[in-house]
1. Give Thr121, Thr89, Thr98 a once-over and let me know the one that is at pLDDT 95 or above and among the polar types (S, T, N, Q).
2. Residues to consider are Gly120, Gly95, Gly153; find the one that is assigned to a loop (DSSP other than H, G, I, E, B), of a type outside the set (Phe, Trp, Tyr) and free of Cβ contacts under 8 Å to residues at least 40 places away in the same chain.
3. Of the conditions (1) small (Gly, Ala, Ser); (2) under 30 Å from Ala23 (Cα atoms); (3) open to solvent by 20 Å² or more (accessible area, probe 1.4 Å), Gly406 fails just one. Which one is it?
4. Output the residues belonging to the stretch 327-345 that are of a type outside the set (Asp, Glu) and in contact with a His (Cβ under 6 Å, 6 or more places away or on another chain).
5. Could you grab me the full set of residues in the stretch 252-268 that are buried (at least 16 other Cβ atoms within 10 Å of the Cβ) and farther than 22 Å from Tyr345 by Cα?
6. Please return the ranges of strands (runs of 3 or more DSSP E) entirely within the stretch 291-346 where 2 or more residues are open to solvent by 50 Å² or more (accessible area, probe 1.4 Å).
7. Out of the residues in the stretch 218-246 that are open to solvent by less than 40 Å² (accessible area, probe 1.4 Å) and touching a strand residue (DSSP E or B) at 6+ places or on another chain (Cβ under 7 Å), which is nearest to Pro194 (Cα to Cα)?
8. When Leu175 is evaluated against the numbered criteria (1) of a type outside the set (D, E, K, R); (2) assigned to a strand (DSSP E or B); (3) over 21 Å from Lys99 (Cα atoms), which criterion, by number, is the only one it fails?
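The values are calculated or read from the model by the stated rules, or taken from the named source; none is laboratory data. Because the structure is predicted, anything quoted here is derived from the model rather than measured. All Cβ positions, glycine included, derive from the backbone under ideal geometry; neighbour counts span all protein chains shown. Side chains are part of the model used for accessible areas, which takes the heavy atoms of the whole protein and leaves out ligands, DNA and RNA. Shrake-Rupley method; radii C 1.70, N 1.55, O 1.52, S 1.80 Å.
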Amino acid sequence: ITSLLSLPLPHADGCGACGPGYASPLDAMKGPREEIIYVPCIYRNTGRCKPDFLATVDVNPKSPHYSQVIHRLPMPNLGDELHHSGWNTCSSCFGDSTKKRNRLILPSLISSRIYVVDVGTDPRAPRLFKIVNPEDVFWQCDLGYLHTSHCLGSGEVMISALGDPAGNGKGGFVLLDAETFEIKGNWEKGDKSPPMGYDFWYQPRHNVLISTEWGIPKCLGYGFNPNDLKKGRYGRRLNVWDWTTHTYVQAIDVGEDSAPLEIRFLHNPDAAEGFVGCTISSAIHRFYKTQCGNWVAEKVIQVPNKKVEGWLLPEMPGFITDILISLDDRFLYFSNWLHGDVRQYDISDTRSPKLVGQVFVGGNITKGGPVVVLKDEELQSQPDPFVIQGKKVAGGPQMLQLSLDGKRLYITTSLYSAWDRQFYPELIREGAVMLQIDVDTEKGGLTVNPHFLVDFGKEPGGPCLAHEMRYPGGDCTSDIWV
């Protein structure tokens, strides 16, 4: 393990007697510019017998190592499939001066192992702090296939699961102590549970947690099989939980095989609404609390399918795989992993989002490729292949992360190794990339920064798949204000 730099970073939580993070989302927008980003990198399903690792990427344009991987922390096991990450504490603990944001939580999607990484001792050279074994998760919680990690104001860490240890669908949550990282058991109570799980977001001021559904782990684990559609193997619900009692109280149906993935409340903790991206149906739904106190959803954006030849199906969905909301709740961003574009919407009117920015950075419909578009409701012609610094980018835009001030949008191109291998075999051969897009925060607009490229195809261990991104000081997809 090598570190090119060991310089101290400015602490976002350096605010006197305050705790980690920021007092409000608007305060967070005034935080320091990001200097490094942590990125899980995956070798599972690439044919390279190497463990996944956590990469530290230098994103300071004044640094001689700008847009380079400056440190790699390999995990001690093979086949984990690192995916998403979270913090031991965040802005939900802002009022507690005894808390520090110094541990990054890395749940494993396939092995169900949980890694706790020390990013406080040397932020530029993270080190492994603790491992929670999958057997403990299985026996104590009857859950597996771990996904989203959020810190709680209670001093705990909560991790969502896609299913049970056998790979059947089951929605539930693992609760960890945020100091010792010992398993405390399940967060959920009662005898009702959703048929599937994936992402979640909570909002204590409205006594609610809402979770989403991807699919049954043992079905989606080996790739996307169209025969699984219409058989109830992909999710269709937003699942509403009572925050106080930890009980499952309501399901919101957003359509058969819609596969609602990333869910984001507005950052304003008083707001009782947010958005969710549905992958297979390629739609964005707004969810909100009614005057009666229940929750409902309405579709506010639909990405049209494209009629094609030379692909898995006669119609290609956009495949919305990640969404996020700027900290001032003004803009919504999402990625169409298959079509290859990233979009920016003005959500000043949350019921009527307006497209204000769009850029193509890869995808499956570029000119000269195997796919021919026969009918397209949005484009006049197929987009050109995306080339940056002489490299033709394989894959499509996937995970997103926005700078605190909203002016820089970072992108990686790997979704999940089994689906990468199926939809973008060249991604397995050439590795993922990380890009940076400049954002017009006045009128809207997206422009690729030609000077920023992290090519994970050039890793010392061979090409790998880069997924979610985190800044040491927190970001708009990990911090929740209570």
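1. Working: Thr89 fails: at pLDDT 95 or above; Thr98 fails: at pLDDT 95 or above.
The match here is Thr121.
2. Values: Gly95 fails: free of Cβ contacts under 8 Å to residues at least 40 places away in the same chain; Gly153 fails: free of Cβ contacts under 8 Å to residues at least 40 places away in the same chain.
Result: Gly120 is the single residue among Gly120, Gly95, Gly153 that is assigned to a loop (DSSP other than H, G, I, E, B), of a type outside the set (Phe, Trp, Tyr) and free of Cβ contacts under 8 Å to residues at least 40 places away in the same chain.
3. Unmet condition: (3).
4. Step one: filter the stretch 327-345 for residues of a type outside the set (Asp, Glu), giving 327, 330-340, 342-345.
Scanning the stretch 327-345 gives a single hit, Leu327.
5. Initially, the stretch 252-268 is screened for residues buried (at least 16 other Cβ atoms within 10 Å of the Cβ), giving 252, 254-255, 257-268.
Listed by number, the residues that qualify are Ile252, Gly255, Asp257.
6. Those strands (runs of 3 or more DSSP E) span 295-302, 306-309.
7. By that ranking, first place goes to Asn239.
8. That leaves (3) as the condition not met.
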